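The values are calculated or read from the model by the stated rules, or taken from the named source; none is laboratory data. On a predicted model such as this, the values are computed, not experimentally measured, just so you know. Here Cβ is always computed from backbone atoms with ideal geometry, including for glycine, and neighbour counts include all displayed protein chains. Side chains are part of the model used for accessible areas, which takes the heavy atoms of the whole protein and leaves out ligands, DNA and RNA. Shrake-Rupley method; radii C 1.70, N 1.55, O 1.52, S 1.80 Å.
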Amino acid sequence: MRTLFLTGGIASGKSTAARELERLGALRIDLDQLSREALEPGSPAHHAVCAEFGADLRGQDGRLRRDLLAQRVFGDPAALQRLEQIELPWIGARCRELLSEAQAQGCPCAVVEVPLLDRALAYDMVPAGAELVYVRVPRELRLERAVGRGTSAEDFAARDARQPSDAYLCAHATTILPNEGASDELVAWARAVWDEACAAASTEAGRG
Ligand code: ADP
């Protein structure tokens, strides 16, 4: 199974590319989405977070109040690290599990959206030698696109500040994919990836 890890800043186009692959039949995993699942009521991470950061984080409906949790760890690097130590191993394990299920089912292609590459690498979420694509767009253009989809400039700036730098992403990527042109080009790239993955999978099946 061809597995791509897609990284890049906020509003670089990761989801646009990943959704096109999903539409064609690829498995799409969004690590942000898994981080929400990690804290669902009943999960070990939910219990551990309440034990560490306060039982009052559990709202009346039993769900974790993520806004309150964010306030508690905001600006406190040690607290943020403790939260990551609870959440990220679960997210990594779940991601590996989903990938092996798709592989076992004969899925030709999977795509993982990685919003924070430094955290993903620190917790071994990207296997050595994996295909790691950096969707690269200058900050100004990302800001414009983020505002265009309804994100406030303040929210963009706060989240962008947590992201690894352009130099870091370039150094770790196996492919740099500029996305300054029309979104059709990004979609065409995703379609080419899908076609190649299907061709490779049928060659492999022919050999088997
Ligand atoms: P990310 O997942 O990296 O945050 P998205 O795929 O959600 O980014 O893209 C952010 C916004 O930019 C979306 O509204 C998307 O439609 C738009 N977008 C993505 N690529 C392009 C492009 N090449 N040209 C114009 N708009 C784009």
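Remarks
- Of all residues in the stretch 76-90, those that are free of Cβ contacts under 8 Å to residues at least 40 places away in the same chain, among the acidic types (Asp, Glu) and in a helix (DSSP H, G or I) total 1.
- Hey, Leu117 touching a residue at least 24 places away in the same chain (Cβ under 8 Å), under 14 Å from the mean Cα position of the chain (by Cα) and over 21 Å from Glu37 (Cβ atoms) or not: no
- Against the list (1) loosely packed, with under 11 Cβ neighbours inside 10 Å; (2) among the aliphatic types (A, V, I, L, M); (3) within 16 Å of the ligand (Cβ to nearest atom); (4) over 24 Å from Arg119 (Cβ atoms), the condition Ala205 fails is (3).
- Residue pairs whose Cβ atoms lie under 7 Å apart, sitting 6 or more positions apart in sequence or on different chains, and linking a residue in the stretch 58-75 that is over 16 Å from Ser35 (Cα atoms) and of a type in the set (Gly, Ala, Ser) to a partner that is open to solvent by 30 Å² or more (accessible area, probe 1.4 Å) and part of a loop (DSSP other than H, G, I, E, B), are Gly59/Arg65; Gly62/Pro41.
- Scan the stretch 20-48 for residues that are under 17 Å from Leu98 (Cα atoms) and either within 11 Å of the ligand (Cβ to nearest atom) or in contact with a strand residue (DSSP E or B) (Cβ under 9 Å, 6 or more places away or on another chain) (or both) and the total you get is 11.
- Of the helices (runs of 4 or more DSSP H) lying entirely inside the stretch 1-70, those carrying at least 2 residues that are polar (S, T, N, Q) are 14-24, 31-38.
- Counting the residues of the stretch 91-114 that are open to solvent by less than 60 Å² (accessible area, probe 1.4 Å) and outside any helix (DSSP H, G or I) gives 9.
- Counted residues, the stretch 115-157 - those being outside any helix (DSSP H, G or I), within 16 Å of the ligand (Cβ to nearest atom) and of a type in the set (Phe, Trp, Tyr): 1
- Restricting Val135, Val111 to those that are closer than 13 Å to Arg2 by Cβ and under 14 Å from the mean Cα position of the chain (by Cα) reduces the list to Val111.
- Residue match in the stretch 144-153 (condition: open to solvent by less than 50 Å² (accessible area, probe 1.4 Å), touching a Lys or Arg at 6+ places or on another chain (Cβ under 6 Å) and within 13 Å of Lys14 (Cα to Cα)): no
- The selection criterion, being in contact with a helix residue (DSSP H, G or I) (Cβ under 6 Å, 6 or more places away or on another chain), of a type in the set (Gly, Ala, Ser) and either closer than 25 Å to Ala171 by Cβ or open to solvent by less than 70 Å² (accessible area, probe 1.4 Å) (or both), does not hold for Ala18.
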